[in-house]
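Down below is the structure, laid out as structure tokens.
Each reported figure results from applying straightforward, stated rules to the coordinates on display, with no laboratory input. These numbers were taken from a predicted model, which means no experiment stands behind them. Positions of Cβ are generated from backbone atoms using ideal geometry, with glycine treated the same way; all protein chains shown enter the neighbour counts.
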DNA sequence: CAAAACGGAATGAACGTTCATTCCACTACT
DNA sequence: AGTAGTGGAATGAACGTTCATTCCGTTTTG
């Protein structure tokens, strides 16, 4: 009927299915780990056939890599909302930490997927590339930590340790909230992030 | 000749094989995760037949549970060496944190096994039991944290969060050392543990 | 004291299941 | 009618587990 739809409709359909597959895979991996997310189940939950997945992703490894990338594309805009480079370093740390906790509380599946990801060979390789500087180092966090070190408001410790001191507790607390071991509220979040800051400040 | 040997010799042989299986399983799981440690490989590395494992452990789940128990039995004596309940709370925190880091650095396979364990359903269930008080709460760490809270030298935060604030960075730093992202020395360890303490103290 | 018989420990081939991936008949559009 | 897209059965590799058999130290027998 409409001649103009010929190029658009197929593209839209493709994107829809791709997104459904990503969503289904994220849910299953977050809930049951990599082992509890066979391709057949992902296909079922996405409402597509098992073979269809391979039209969008070369294999399971590629699918998982795309999931990670997709997550970063949703996480970064969120934590950068209201982030201003002209704030004090302390204010920026508190902003990022709070935003990170909020995001994980609002998107527990994303947290649990990340947890699975970084505790697998995928994540270790990914981090190795990043730390050893193979990839671009202009990460928001890297920039902020580097600035804190040069301005001497942060402890004189290697960057990697500062990262651990700041993100270690944040991720642990997020995990315990998501697992139901504790109920975080605004006040608790504020005080937790403040404690993380105290750990790294000079 | 010696009548008494009849009961002892078989027992010694049995213990040896059991230990070999535990060691092989720990190594493989630490190096390649639960998925990269099939029973056949564990048997190979232990120098026993595949079926032999099932003479000592009912199934893989039980084997993994025993591995965790075995690890705690080796870890606790180590971190409690030189630990005195009459020291200040701060001194005791520094002692335990330092001992923990030292242990993980000296026994990276144990760290990596624990990492795998706590990021699996086994570990989550285990922690749920512990936190919800199903098990005995007279853990060294629990006692110390509780004392710190009642004596008001620790921040007024829920125990679970204090745990996260203290162990989160420690485990993150241990991980990065073991993965080779940083080379910890005595000085770095001392300052890292001190930073962890600063995060939880009032 | 030698030799035969015994019994539990050890074995690894085999089994059933589950997984990622492939393949091809079928659909739905133009 | 032709073609790109789709679903789900088919495939083979890999897994945990089982079990008939072997092995070996001890005991019993002659």
How far, in degrees from 0 to 90, does helix A:108-118 lean away from the longest principal axis of the Cα atoms of chain A, to the nearest 10?
80 degrees
What gaps in nm, shortest first, separate residue A:73 from its twins in the other copies when you place the label 7 Å past Cα toward the beta carbon?
5.2
Neighbour-count ranking for B:76, A:103 (other C-beta within 10 angstrom, fewest to most) reads B:76, A:103
Averaged over B:120-132, how many beta carbons belonging to a partner chain fall within 10 Å of each residue's beta carbon?
2
So the angle from the long Cα axis of helix A:5-32 to the longest Cα principal axis of chain A, reported in degrees to the nearest 10, equals 60 degrees
Quick one: the Cα spread of the protein assembly as shown along its three principal axes, in angstroms, biggest first?
99, 53, 40
For B:118, B:56, ascending order of other Cβ atoms within 10 Å (fewest first) is B:118, B:56
For B:64, A:178, ascending order of other Cβ atoms within 10 Å (fewest first) is A:178, B:64
Given the C-alpha atoms of segment A:64-144, compute the convex hull and give its volume per residue in Å³.
97 Å³
Quick check on segment B:141-196: what does the Kirkwood estimate of hydrodynamic radius come out to from the alpha carbon pairs, in Å?
12.4 Å
How crowded by other chains is A:180-186, given as the mean number of beta carbons from other chains within 10 Å of each beta carbon?
4
Helix B:159-178 sits off the longest principal axis of the Cα atoms of chain B, rounded to the nearest 10 on a 0 to 90 degree scale, by 60 degrees
Restricting everything to alpha-carbon atoms, can you work out Rg to Rh for segment A:81-202 with a Kirkwood hydrodynamic radius?
0.96
Which shape class, rounded, prolate or oblate, goes with segment A:15-162 when its Cα gyration tensor gives a ≥ b ≥ c as root eigenvalues, a/c under 1.5 marks rounded, and past that a/b bigger than b/c marks prolate?
prolate
